[in-house]
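Below you'll find the structure, written out as structure tokens, and then a few comments.
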Amino acid sequence: MHKLSTLLFSLALSILLSDASVQDFCVGDLTLPAGPAGYSCKSAANVTAADFVFTGLRKAGNTTNIISAAVTPAFDAQYPGLNGLGLSLARLDLAPGGVVPFHTHPGASELLLVVQGTLVAGFVSSFSNQVYVKKLVKGDLMVFPQGLLHFQINGGGRTVVAFASFGSANPGLQITDYALFANDLPSALVEKTTFLDDAQVKKLKSVLGGSG
């Protein structure tokens, strides 16, 4: 029995060591579909320094919309050099009155840094529905644990700029309001699951582009 245990341990160790020798990077090949582990690697012969640089966060996003806010992602789909590295970034711009509604990132936790303005942010725990809300100013950080509902609201009279970092090259995003009302799920089912009346559900579907 002891010899068998030793053999199994040695086999497991050899498998772990073989997996430890990985490539330096795996720049995503965006011409191919992404899978659960990200994108396939671009041929090393076609990789350039530009694959590791992203300039898309220099400019403010367009906040002329229903939420008066913009989120500019630097995820693997926009920044293929991040593919497989387990990190990414996004820029948040919130005009006065702007809000990033309740949403989740199923694939990663988020660390938010405010660089301009005043932001009210918070999240809700999954085990007790405890709410954690804080007003943030320039230089403040707040963390949002993976998968939990959270939000950000402009808490002052000037535009807010913040940067969110994630522990995944593609943290995923699901905005609760859009998930409920920007689809073709029959209104009767939405009413049953949200306890809202028919008129309110249809109004929200109309505002957010849903049907049914």
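Suppose the filter is of a type in the set (Lys, Arg), open to solvent by 70 Å² or more (accessible area, probe 1.4 Å) and more than 28 Å from VAL120 (Cβ to Cβ); does LYS203 pass it? Spelling it out, it is not the case that LYS203 is of a type in the set (Lys, Arg), open to solvent by 70 Å² or more (accessible area, probe 1.4 Å) and more than 28 Å from VAL120 (Cβ to Cβ).
Taking residues in segment 26-51 that are closer than 17 Å to GLY86 by Cβ and hydroxyl-bearing (Ser, Thr, Tyr), and partners anywhere that are at pLDDT 95 or above and outside any loop (DSSP other than H, G, I, E, B), the pairs with Cβ atoms closer than 6 Å and at least 6 places apart or on different chains are TYR39/GLY28.
Among residues of segment 127-138 that are under 17 Å from GLY117 (Cβ atoms) and free of Cβ contacts under 8 Å to residues at least 60 places away in the same chain, those with a beta-carbon under 7 Å from a residue that is of a type outside the set (Ser, Thr, Tyr) and not in a strand (DSSP E or B) at least six positions away or on a different chain give the pairs LYS135/GLY155.
Taking VAL120 as the residue in question, decide whether it is out of contact with any Leu (no Cβ under 7 Å at 6 or more places or on another chain), on the phi < 0 side of the Ramachandran plot, modelled with pLDDT of 95 or more and part of a strand (DSSP E or B). Yes; evaluated as a whole, the condition is true for this residue.
Residue pairs whose Cβ atoms lie under 8 Å apart, sitting 6 or more positions apart in sequence or on different chains, and linking a residue in segment 73-98 that is free of Cβ contacts under 8 Å to residues at least 60 places away in the same chain and within 21 Å of GLY156 (Cβ to Cβ) to a partner that is open to solvent by less than 40 Å² (accessible area, probe 1.4 Å) and not hydroxyl-bearing (Ser, Thr, Tyr), are GLY97/ASN154.
Flag not set for LEU111, criterion: under 26 Å from ALA34 (Cα atoms), open to solvent by less than 40 Å² (accessible area, probe 1.4 Å), in a strand (DSSP E or B) and not charged (D, E, K, R). ASN129 meets all of the listed conditions (1) within 20 Å of the chain's Cα centre (by Cα); (2) modelled with pLDDT of 95 or more but one, namely (1). Whether a residue is part of a loop (DSSP other than H, G, I, E, B), surrounded by 15 or more Cβ atoms within 10 Å (Cβ to Cβ) and either modelled with pLDDT of 95 or more or more than 19 Å from the chain's Cα centre (by Cα) (or both) was assessed, and PHE54 passes this test. Across segment 138-192, the qualifying residues are those that are open to solvent by less than 50 Å² (accessible area, probe 1.4 Å), under 16 Å from PHE102 (Cα atoms) and polar (S, T, N, Q), and the one among them that is modelled with the lowest pLDDT is THR176. Taking the listed residues GLY97, GLY38, GLY61, the one that is out of contact with any helix residue (DSSP H, G or I) (no Cβ under 8 Å at 6 or more places or on another chain), modelled with pLDDT under 95 and either on the phi > 0 side of the Ramachandran plot or surrounded by 16 or more Cβ atoms within 10 Å (Cβ to Cβ) (or both) is GLY38, with no other qualifying. Against the conditions (1) open to solvent by less than 70 Å² (accessible area, probe 1.4 Å); (2) within 20 Å of LEU89 (Cα to Cα), LEU196 satisfies every one except (2).
The values are calculated or read from the model by the stated rules, or taken from the named source; none is laboratory data. These numbers come from a predicted model, not from an experiment. Because the Cβ atoms are built from the backbone with ideal geometry, glycine has one as well, and the counts that use them run over all protein chains shown. What goes into the accessible areas is simple: the full protein's heavy atoms, side chains included, and nothing from ligands, DNA or RNA. Shrake-Rupley method; radii C 1.70, N 1.55, O 1.52, S 1.80 Å.
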